[in-house]
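Enquirer: Structure incoming, see below.
Please treat every number below as a calculation from the coordinates, not as lab data. These figures come from a predicted structure and were not determined experimentally. Every residue, glycine as well, gets a Cβ built from its backbone with ideal geometry; the counts of neighbours run over all protein chains shown.
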Amino acid sequence: MAPMQVLVVLAIIGIVLPSAALAAEFIVGDASGWTTNFDYKAWARHKVFTVGDKLVFKYPVGKHNVFKVNGTGFHHCIIPPANEAFTSGNDTITLLTPGKKGYICGVGKHCAKLGMKLAIKVVLPHHHH
Ligand SMILES: *[C@@H]1O[C@H](CO)[C@@H](O)[C@H](O)[C@H]1NC(C)=O
Ligand SMILES: *[C@@H]1O[C@H](CO)[C@@H](O)[C@H](O)[C@H]1NC(C)=O
Ligand SMILES: [Cu+2]
């Protein structure tokens with residue numbers, strides 16, 4: 001390849017690869033998973049969630065579930081209709097848009113009393129110039 005073409009190829013790799021390679025998968029709660037009496041606020045605090053990243057909620061099937069909720073639903077633990085629940089025990093949610101996102105467990109008082117609520121802020125990918 002001529003030097004100019006090499007430069008063009010390297011430039012394209014430099015633009016495309018970082019965004020693809022950096023798409024992260026976050027196991028919510030890390031080794032603890034999605035469970036009661038875990039501080040998800042602390043877990044999320046210093047993490048940067050970017051559009052394209054994934055959240056994975058891991059828990060024993062039937063013990064918990066996951067609902068995506070808005071700010072009101074998050075603060076008051078308003079459980080949406082059951083048909084909106086994620087229930088697989090390995091629920092993967094891709095963060096498609098920037099902004100604040102809230103996730104709660106809809107079982108019993110897990111959200112209101114036992115801390116099963118996660119709020120995150122999703123940001124746009126870093127732009128390369
Ligand atoms: C937020 O969710 C609640 C409960 O599901 C719903 O009643 C309300 O209309 C929603 N608010 C907005 C602004 O979408
Ligand atoms: C859970 O989901 C992740 C991400 O979608 C996947 O890579 C993994 O294989 C799944 N694990 C199990 C045990 O199903
Ligand atoms: Cu729960």
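Enquirer: Taking the Kirkwood radius as the inverse of the mean 1/r across Cα pairs, report the Rg/Rh of region 22-123.
Expert: So for region 22-123, dividing Rg by the Kirkwood Rh gives 0.92.
Enquirer: I would also like to ask the following. Would you mind checking the pairs 54/113; 58/117; 47/113; 58/121 and listing those with alpha carbons more than 18 angstrom apart?
Expert: With Cα atoms farther than 18 Å apart: 54/113; 47/113; 58/121.
Enquirer: So for the pair residue 37, residue 109, with labels modelled 7 Å out along Cα→Cβ, what separation do we get in nm?
Expert: 1.5 nm
Enquirer: While we're on this one: Residues of region 95-117 with backbone nitrogen within less than 15 Å of a virtual label 7 Å along the Cα-to-Cβ line of residue 51, please, listed as ranges.
Expert: What the label zone holds, given the 15 Å backbone N cut-off, is 95-101.
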